[in-house]
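Read through the structure below, which is laid out as structure tokens, and then see the notes.
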Amino acid sequence: MGKEHELGPQNVGAAVPFNTQVFPESYTYDYIIVGGGTAGCVLASRLSEDPTVSVLLIEQGPVADTWASRVPAMSANLYSTDSVAAQWWSLPLSHVNNRSLGLIRGEALGGTSRINSMLYTRGPPGDYNQWQALGNDGWSYEDLQPYFIKSENARTHREAKHRGKNGVWQNRQFGTPQYRSVFLVQRALEDIGICTYPDLNSPEMPSAAQGTLDVTQDDSYHRHSTNRAFLPPQLIRERHDRLKICAETLVTRVALCTEGDEVRAVGVHFEATNPRKAWKRYFAKVRREVVLCSGALGSPQILMCSGIGPKEHLSEKGVPVIRDVPAVGAYLQDHIGVPLTYEVPLSESLHQLEANPLKALQEFIKYLLTGRGMLSHPFQEASAFVPTWLLKDDCSLPIVDLRELDATVPENRADLELMHLGNNCTDADIPGKGLSTLLPTLIRPKSQGSVRLATSNPRARPDVDLGYFTDTEDYVPLRKGVRLALRVAADVRKQGYPLQDLIVPTGTSDEEIDQFIRTNLRTCFHYTSTCRMGAAVDGERPSVVDTRLRVHGLKGLRVADASVFPEIVCAHTMAPVVMVAEKCAVMMKEEAQYIS
């Protein structure tokens, strides 16, 4: 994106109070998208395909499209000084020793697709069949597979009918893992009874399976974040007359107009994120629709700042209530990970780049010249998915009726992902050692948290209660996951690999493992469901948006990001978010055509 197309709030909106000499058409758009992250880039690209419409995309963070931001291993370092990761603390977890966990999201054009592990995982068909079973017609896997295919350009699995070949978003598999331990973990899992498959994104995958993961990289082995895929610089130049991208700008609220019983979104209020420029306020008007794409932490905050949310909470924070929608900010879900950390030879760990400056320089030059080497690899290259209720006491998987592994059936979906990573996955530095992690992760949590306003000031980070173990049933699969990881580690050692315990349970009783879980668990940053989709505002299953992603009780306002998931998926969430944005764009175009 050229500097000439990097717009500020003064370039796209009218200053408030209004100057009557300013022509309203100069700050009026057909569509306004709030949030230029994973979903927002997709939606802006698709809506602006129509040469007759105007689109304004507002992103809180910068464009920051640097060379380093495209290097997989460098851009995924969330703690580097130039990372576009925004970080703050969760509320203390009342069921987890009162611990607070670090929250992270990407704040730049491309959002969290700029900083994550680039994993392209769709999830099993049962995820989406469950969405439909919850009353969301049109959201079964059969309905949604075309939207996955539409965006995708799979460089591996070119012959598979369920994979996209003509989309703009590239992904691939690495044929050879960079660490020997990956092979040994896979062999140990095979011995347990978890078979290896070539494509974990196949809708025919059983619920117990392991394999190599697809990662979103282009042909140059650069990170293929959604801004690079869906809003490349050439496209932005070609559409500059109808697509405006305004970065480093904070939307403070959606402007709502009440006429009788009808409430309609008529625009957005915004200001520069730079606090020294925040005294200047701006407004942009919308003809058709405002779409929130600010993620499961950001979209409910904007709704509540706009007066849409639980009325008691809004009143407590001094926000005038426009619509009482209790589900806004409720039902937060996240995958719960429990890292078991091992010391390995330094040469078998990503941390060799920290300990050996010469090795880091060699890898930097290798990537610069060839695009290959350690800097091109994702932090995680393989994973296993397991229905823990099928595991025997020794953590092996018995021979079962294949119908029990049919992952198109919601009840059969795996509830555990066992990740293997050649780096430290704890929340603390462990310098000077080669580290490897087995990360059992609960991917079907029953626990739920919430997002609430800290204050009525939209610049304040929201209060996030992750809600871990509000349902104690979540201990059951996580205990089995920890025991599975311990068995895998023991089997890897039997194969002759020098795996040394560093941070692992010291006992094997339920109480000792539960204590280990509480002390060491971490977020996987897969926040979902805070503006969840459903049939109604109240009733047995309160929701925020309908099946066309329109906010209940309002006109001209939708949400399209992970917050609309009726339930969290059994997968890393990036690919499902892109699918939601693709489907939203099609629905919006259909309705615009019908109206016109």
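So here's what we get for this one:
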read-out: Test: residue in region 357-372 that is touching a residue at least 12 places away in the same chain (Cβ under 8 Å), buried (at least 18 other Cβ atoms within 10 Å of the Cβ) and not assigned by TED's automatic domain parsing to the domain that holds residue 571; value: yes
read-out: Residues that are buried (at least 23 other Cβ atoms within 10 Å of the Cβ) and over 30 Å from residue 475 (Cα atoms), drawn from region 319-348; value: 325
read-out: Residue match in region 254-276 (condition: in contact with a Gly (Cβ under 7 Å, 6 or more places away or on another chain), over 18 Å from residue 460 (Cβ atoms), surrounded by 24 or more Cβ atoms within 10 Å (Cβ to Cβ) and in the same structural domain as residue 58 (by TED's automatic domain parsing)); value: yes
read-out: Within region 267-292, considering residues that are in a strand (DSSP E or B), among the small types (Gly, Ala, Ser) and in contact with a Lys or Arg (Cβ under 8 Å, 6 or more places away or on another chain), the one nearest to residue 43 (Cα to Cα); value: 267
read-out: Residues satisfying the stated conditions in region 106-136, i.e. hydroxyl-bearing (Ser, Thr, Tyr) and in a helix (DSSP H, G or I); value: 112, 113, 128
read-out: Residue match in region 304-316 (condition: in contact with a Ser or Thr (Cβ under 6 Å, 6 or more places away or on another chain), at pLDDT 95 or above and either surrounded by fewer than 17 Cβ atoms within 10 Å (Cβ to Cβ) or not aliphatic (A, V, I, L, M) (or both)); value: no
read-out: Residue check for residue 417: surrounded by fewer than 18 Cβ atoms within 10 Å (Cβ to Cβ) and either in contact (Cβ under 8 Å) with a residue 60 or more places away in the chain or of a type in the set (Ser, Thr, Tyr) (or both); value: no
read-out: Residue that is in a loop (DSSP other than H, G, I, E, B), at pLDDT 95 or above, of a type in the set (D, E, K, R) and more than 21 Å from residue 385 (Cα to Cα), where the choices are 518, 548; value: 548
read-out: Residue match in region 179-199 (condition: at pLDDT below 95 and assigned to a loop (DSSP other than H, G, I, E, B)); value: yes
read-out: Candidate set from region 200-234 (those that are assigned to a loop (DSSP other than H, G, I, E, B) and of a type in the set (Gly, Ala, Ser)); member that is surrounded by the most Cβ atoms within 10 Å (Cβ to Cβ); value: 225
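The values are calculated or read from the model by the stated rules, or taken from the named source; none is laboratory data. Computed from a predicted model, the values in this text were never measured in an experiment. Heads up, the Cβs are rebuilt from the backbone with ideal geometry, glycines too, and the neighbour counts pull from every protein chain shown.
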